[in-house]
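J.: First the structure, which I've put down as structure tokens, then a few questions once you've had a look.
Nothing in this text is a laboratory measurement; each read-out follows from the coordinates by a stated rule. Computed from a predicted model, the values in this text were never measured in an experiment.
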Amino acid sequence: MNWNDRTKAQNRTLAEVGALLIEARRKAAELVRASGADLSPMERDWVGRPCLAELDPPPTPHFCGCGDYGGSGGEEPCLNTWTDFNGPDFGTGSPTRTCEHTESEHAQI
């Protein structure tokens, strides 16, 4: 299904689903950190290290969908792009965004 074939209600539902998935990944990362486990690269990818930065509404909730940090470190912005089906450009242009968050705003395992 093409992103512009969805209804507003469907897009709102997908935004809520995305928020739930991100929250589950955040909780998983917290559990792994608390356990002190050393994860293999494949396990880290499975747990996921998405950007957890909240974006300005609309809609609410609205989270960055970028994967693992893709910048040069520290306060340098992440250069990863991702598809934001629920952002302000939805329906009016390309839903592709650049993350632009710092390394500290991404999940850490």
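J.: Would you please give the residues with an amide H less than 5 Å from that of F63, counting only those at least 5 places away or on a separate chain, with H modeled from the backbone geometry?
T.: L55
J.: From Cα pairs below 8 angstrom and at least 6 apart in sequence, can you work out the relative contact order of the range 4-83, rounded to a whole percent?
T.: Contact order relative to length: 24 percent.
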